[in-house]
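Shown next, in structure tokens, is the structure this report addresses.
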Amino acid sequence: MDESGWLPDEADEPTTNVRRRFVDGGRCHEIMISVAHEAAAVRVHITEPGGRLVGEVSGEIPAVALTIVGELIGDGMFAAGRAHGGTGSNARSDKPDAKRPKLRNQGARWTPDEEALLAERFSAGATIAELRGEFGRTDTSIRARLVQLNLLPADEWPARLGARHPAA
């Protein structure tokens, strides 16, 4: 089994090319993503040891949706694979905690001081991901609180996942 890390090409901005390759038992699984401007072209190839293509998925999605689509695809394929009896040398655990550890404040009530700091940081341009790390809460919890504080319109929730909020 051989796994390489994310290999960004040295392309000029605004194009980003990323490739990840995983070899398991001679079968090569490869994903290639090319992001230019507002769109991302995604290709997944699975080849047998002799190079014969045995699986392929490709398409284009909005670049802003990469993170959320990546999570959906990963979770969906994992669930379908487990339900179908799929295993592999790299199969993940069924335990939810092994998949996504609980954040330090997950499920805790928001304090007035936390709400004030959240409003200040978000208004200063912090992303949802940055706020997740700072507050130890899920993206959903942070977005929901921002909607309740009237700092994020409900119709932009969750469409702006990972986007920077323009400074007011």
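Among the residues of the range 16-32, those identified as in contact (Cβ under 8 Å) with a residue 40 or more places away in the chain and not aromatic (Phe, Trp, Tyr) are ASP24, GLY25. Here the range 41-66 is the region considered, the condition is being of a type in the set (Asp, Glu) and within 28 Å of GLY25 (Cα to Cα), and the residue that is nearest to the chain's Cα centre (by Cα) is GLU56.
ARG52 passes every criterion in (1) touching a strand residue (DSSP E or B) at 6+ places or on another chain (Cβ under 8 Å); (2) among the charged types (D, E, K, R); (3) at pLDDT 85 or above apart from (1).
Here is the figure for the range 26-60: residues that are farther than 21 Å from THR16 by Cα, open to solvent by 80 Å² or more (accessible area, probe 1.4 Å) and not in a strand (DSSP E or B) total 3. Collect the residues in the range 141-155 that are surrounded by 14 or more Cβ atoms within 10 Å (Cβ to Cβ) and either in contact (Cβ under 8 Å) with a residue 60 or more places away in the chain or not basic (Lys, Arg) (or both), keeping them in residue-number order. If the condition is that a residue be surrounded by 14 or more Cβ atoms within 10 Å (Cβ to Cβ) and either in contact (Cβ under 8 Å) with a residue 60 or more places away in the chain or not basic (Lys, Arg) (or both), then SER141, ILE142, ALA144, LEU146, VAL147, LEU149, LEU151, LEU152 are the ones that fit.
The values are calculated or read from the model by the stated rules, or taken from the named source; none is laboratory data. Predicted model only: the values in this text are computed from it and were never measured. Neighbour counts are summed over all protein chains in view; Cβ atoms, including those assigned to glycine, are modelled from backbone coordinates with ideal geometry. Just the protein is used for accessible areas: all its heavy atoms, side chains included, with ligands, DNA and RNA removed. Shrake-Rupley method; radii C 1.70, N 1.55, O 1.52, S 1.80 Å.
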